[in-house]
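The values are calculated or read from the model by the stated rules, or taken from the named source; none is laboratory data. Predicted model, so just to flag it, every value in this text is computed and none were measured. Here the Cβ positions follow ideal geometry from the backbone for every residue, glycine too, while neighbour counts run over all protein chains shown.
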Amino acid sequence: MKKNILLQGVTNLLLLCILSVLALFCIPLQTEQTFAPIYKGSSVNNRVGLLFNVYQGSEYVEQILSVLDTYDVPCTFFVGGVWAEKNIPLLQKMALSAEIGNHGYLHRDHSALSFAQNREEVMLCHALVKKATGMEMTLFAPPSGSFSSVTLDVCEQNGYQVILWSKDTVDWRDQDAALIVKRATTDVQSGDLILMHPTAATVSALPSVLTILLQKNLLPSTVTDVLRADV
């Protein structure tokens with residue numbers, strides 16, 4: 001009887017070892033995505049990012065540049081490739097005083113695109129802007145903020161950071177300057193990324209937005225400068 005008990009114990013131990021080995025090789029390990037989109041910048045450099053996504057509103061881009069020049073502050077324009085292709089002289093003017101980022105080529109839903117389609121959207125815009133301005137863009141803002149892990153892989157492999165926002169003025173929908181100012185400046189903090197678009201209401205709101213930010217000792221800046229902790 002003792003032999004049977006001992007045999008049973010050895011059998012159970014062997015079974016446990018086998019199950020442990022199977023579990024080690026068969027159960028996938030959960031790995032954290034290390035490359036992720038950026039929603040905010042540095043909390044210590046007293047800068048906030050001004051982001052303008054541009055697929056239309058060319059008539060307002062010149063006015064935005066004029067306001068920014070008056071306040072002596074820069075911004076980041078994320079340009080769509082199909083827009084940029086039709087507005088090369090304006091794109092070149094923007095590049096003289098602003099940072100230019102990539103907003104894809106055709107404003108497609110990147111979460112629904114394959115790896116090849118994601119790459120095509122990003123790199124078509126990249127090549128176009130580089131040819132027109134000489135700039136090597138490194139920031140990608142997915143249209144409508146829509147992306148997938150495939151989008152992240154494409155951007156990581158092509159030297160891009162994926163940029164979203166912490167404050168959305170929703171100016172493309174709500175043509176209300178007062179509302180744009182409120183959404184851009186309420187509880188604003190160092191590192192915030194403020195999303196806007198070239199619209200008439202945005203042009204009207206921009207001087208007030210800049211004035212309030214400066215009064216709060218927050219310097220309107222490009223996305224790149226907001227991401228840095230040492231400026």
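Flag set for residue 24, criterion: of a type in the set (A, V, I, L, M) and modelled with pLDDT under 95.
State whether the residues of region 199-217 include one that is of a type outside the set (A, V, I, L, M), touching a Gly at 6+ places or on another chain (Cβ under 6 Å) and at positive phi. Looking for residues that are of a type outside the set (A, V, I, L, M), touching a Gly at 6+ places or on another chain (Cβ under 6 Å) and at positive phi, one finds none in region 199-217, hence no.
The set of residues in region 72-91 that are part of a helix (DSSP H, G or I) and either crowded, with 16+ Cβ neighbours inside 10 Å or aliphatic (A, V, I, L, M) (or both) comprises 81, 82, 83, 84, 85, 88, 90, 91. Of the helices (runs of 4 or more DSSP H) lying entirely inside region 165-231, those containing at least 1 residues that are small (Gly, Ala, Ser) and at pLDDT 95 or above span 177-185, 200-215.
Scan region 100-111 and tell me whether some residue there is among the acidic types (Asp, Glu), farther than 26 Å from residue 225 by Cβ and surrounded by 14 or more Cβ atoms within 10 Å (Cβ to Cβ). Within region 100-111, not a single residue is among the acidic types (Asp, Glu), farther than 26 Å from residue 225 by Cβ and surrounded by 14 or more Cβ atoms within 10 Å (Cβ to Cβ). Considering each residue of region 98-105 in turn, at least one proves to be over 16 Å from the mean Cα position of the chain (by Cα) and at negative phi. Every condition in (1) within 28 Å of residue 206 (Cβ to Cβ); (2) in contact with a Gly (Cβ under 9 Å, 6 or more places away or on another chain); (3) buried (at least 22 other Cβ atoms within 10 Å of the Cβ) holds for residue 147 except the one numbered (2). With respect to the stated conditions, residue 39 fails to be within 22 Å of residue 199 (Cβ to Cβ) and aromatic (Phe, Trp, Tyr). Only residues that are surrounded by fewer than 17 Cβ atoms within 10 Å (Cβ to Cβ), in a helix (DSSP H, G or I) and not β-branched (Val, Ile, Thr) were counted in region 51-71, giving 7.
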